[in-house]
């Protein structure tokens, strides 16, 4: 009897130990990511000639020079504006169009609704590479290459499948009684939609955030579909700065550029990460 | 207010399954309170939704005030509905929820507000008009849902188990309140519930549904004293009616050790019948004088009365032979003792055909 | 009395929904067809031509582009690396995601840890590539520096050397995507009502039994969605590899995957060869690969959905 108990204790001890080891591993992973981020941020305040010499030193001075370099490297005023226009416009238009579509696909009963949802979801599996060549040719036919309008339209298209997919998840989770209550009270279909829309607001916000973050970070489409200096987005700017490092070796300027691009994301993320994360998973689990 | 008439309403959900509703006929008078009752899945909610216009019937006719509304959309049938989970819009205030239908109909703001205040004071909701449904208790939400229905003065109220999300005490309270409100407004009402107590206490008439088929329509008293078949007999009344098998020749009934001569005349019949006796029509009897002999297996004291569960010792022909009797506390026997039970009034015995379960035809 | 069948009969308030739904859906559908579907079809067509882009007229060459691809070592290199990400990366991502999901369940800082794990997924891939490059830089990289600092000099490597750079790429992708799949799996696990675990505890189930008898069966549909998402992600992941493999310029061929090769042969910025037919053929291979694997996963993982 005693030995059985001891055996159980030993087993439990081993289990606790492996659990403790596992937890330690999670923390190591997480701290590694945070340390890397911290290093980059600190490095953005260091001097170019010492940044790699003493990796773990703290910045000795406030090198704001790096940030003004980065400003120029990224052509930040212009690229930020371009990104805001195309990402903001693309996201807003996507939501404006995807919300009614997702609503109709989930809440209205008509033949072909469910194949239609699948048809939209199909688009999630299409890589950008499979559309970019004809897209470039087609847009140049209608003079929409090297144009922020063309890029916005493209952003809208590539975001559509995932946006529709996410939002169908949200609309599906709304109770149908609310809709029926509105119908019994005599509301028109458009009215019913406008009643249901505020209920889907958390989902819409999450979808919009996910779409916007994806577009903000995108550079392939921007790289291919625009080529003037003045049409560059911030993603392309960062890529070019990175590529130019070969010749300029202004590493601290690059780090400052990264920090500039990350700052709005970090602020947004600390504020809204739960919404983004939980929003993202509605579609996958519903 | 309006009358509603259903004629042969049928609903088929899948062509290979049994119909959810078959050939339901029902005429509801102006101002009448009708309760649809039955076990879950009996089709009562489907029937209500067909009347509301949220569901189409597969066949039959539906008239409101004599007009065929089969093709009239729900919103223009001028019907109000109270949903089981109330279906209050969480982003609107109590006032906005109550006034929703008026707003849809384009009623001017000032008039709308006046009417909302009116209804709110009627329901005791005045202090809560600016709140949102999330900040209200279950009972208050229930009232808001009622308010939204009342304010439009619709042709009829449809209520889908409106009390099932409330706790027992509140349910009894709201039951009375809805009844009083209905009488006061003289509102034609169709009320769906699975709770026979609600059906008995609230309805002018009760419709008992089972598996999509109407079993019986009648006043609560009529259903209680003249059930059309075994299903209604067992569904109405609590505890449920005792069913035994006996033999009957049209005049003499033999059940257990009892040989009874019935006063009521039935169509000539011979052989076995189902015998139903309500627990409240049984009482304890002195040794040798009872109709049934058995062992007391459980005694439940409810305060004003006692429920006695007895296992019949000489049941003979049937296997499940337990009787429940409601007796006065002073008569309560001890558990695990032998006791006898007798039928108080032979006229309160119900006889049903053994196979069909239909009540025997009285002469 | 007329009894119509249930199918095709909709409630009166929804009766004209077909037409009404069409007006709700049309704008989204139009954009979708225009920007995604039509170009996809066009890509298939272009893959049968030889075309140098605008100013050149496409010439139909049948299956030449594909024949050329299947004889090209460069293509098979890219193809195998893509499969490498899919299989090796996939194993690692799912192993860590599962492990973390299970561990995080009972950790107090669960939400915080999940948020940090997920964070790389909202960071621009270029920034991730820069960070990963700084970490693995051969001479003054953080990793080698760290290894030297703690006296593990022998463990230092030239992480970006052609023979191991692709392992560094996979490691980077695992670092990025693990957080994403932790999030997905965790959502699946979190929605399992606690009482199932309590019931299992009362029956004396071990944690392994709980994993196999409760968690896995009840998250099966989420797992299947996650697997599909991984296939799509792994095959189309481009930006991190492109930026990391070339430090912002054309990446070294040792890091080419299918999408990198499409970009390099069709649109590459430094020395564009504008082999649009070739590029399209590779893109078609990608689409076919995605389609094939998604159907396969759906087939293998198909089960009755459990409602709870």
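Could you pull out which residues in region A:151-192 have an amide N less than 19 Å from a spot 7 Å beyond the Cα of residue C:30, following the Cα-Cβ vector? Inside the label zone: A:151-161, A:164. Under 19 Å from a label point set 7 Å out along the Cα-to-Cβ vector of residue C:19, the amide N atoms of region A:112-129 belong to A:112-113.
Residue A:24 to residue C:147: FRET efficiency via 1/(1 + (r/R0)^6), r the Cβ-Cβ distance, R0 22 Å, to the nearest 0.05? It would help to have the intermediate numbers written out before the result.
On the way: r = 20 Å, r/R0 = 0.89.
That gives a FRET efficiency of 0.65.
Placing dummy labels 7 Å off each Cα toward the beta-carbon, the span from residue A:229 to residue B:257 is 11.4 nm. Using alpha carbon centroids, what distance separates region B:215-294 and region C:63-96, in Å? Each part's Cα centre sits 81 Å from the other's. Taking a point 7 Å from the Cα of residue B:172 along the Cα-to-Cβ direction, the residues of region B:133-160 with backbone N closer than 18 Å to it are B:139.
Spatial offset of region A:14-85 relative to region B:95-117 amounts to 57 Å, using the alpha carbon center of each.
Placing dummy labels 7 Å off each Cα toward the beta-carbon, the span from residue A:205 to residue B:272 is 6.8 nm. Extending 7 Å from the Cα toward the beta-carbon at both residue A:96 and residue A:16 defines two label points whose distance is 6.1 nm. Going by Cα centres, region B:142-174 and region A:185-201 are how many Å apart? Rounded to whole Å, the Cα centres lie 23 Å apart.
Per residue of peptide A:132-142, the mean number of Cβ atoms on other chains within 10 Å of the residue Cβ is 6. When DSSP beta bridges are restricted to pairs lying wholly in chain B, around 75% turn out antiparallel. Neighbouring Cβ atoms from other chains, within 10 Å of the Cβ of residues in A:185-195, number 6 on average. In the protein assembly as shown, the DSSP-assigned H stretches of four residues or longer account for a calculated mean residue ellipticity at 222 nm of -16500 deg cm²/dmol, using -39500 (n - 2.57) per stretch and the full residue count as denominator. Using the Cβ-Cβ distance between residue A:247 and residue A:190 with R0 = 45 Å, the FRET efficiency computed as 1/(1 + (r/R0)^6) comes to roughly 0.20.
In peptide B:79-92, what is the residue-averaged number of other protein chain Cβ atoms found within 10 Å of each Cβ?
4
Based on the Cβ-Cβ distance of residue A:111 and residue B:354, what FRET efficiency does E = 1/(1 + (r/R0)^6) give at R0 = 45 Å, to the nearest 0.05? Efficiency for this residue pair is about 0.40.
Every read-out reported here was derived from the displayed coordinates using simple, explicitly stated rules and does not represent laboratory data. For clarity, every value in this text was computed on a predicted model and none was experimentally measured. In this analysis, Cβ positions are derived from the backbone assuming ideal geometry, glycine residues included, and neighbour counts consider all displayed protein chains.
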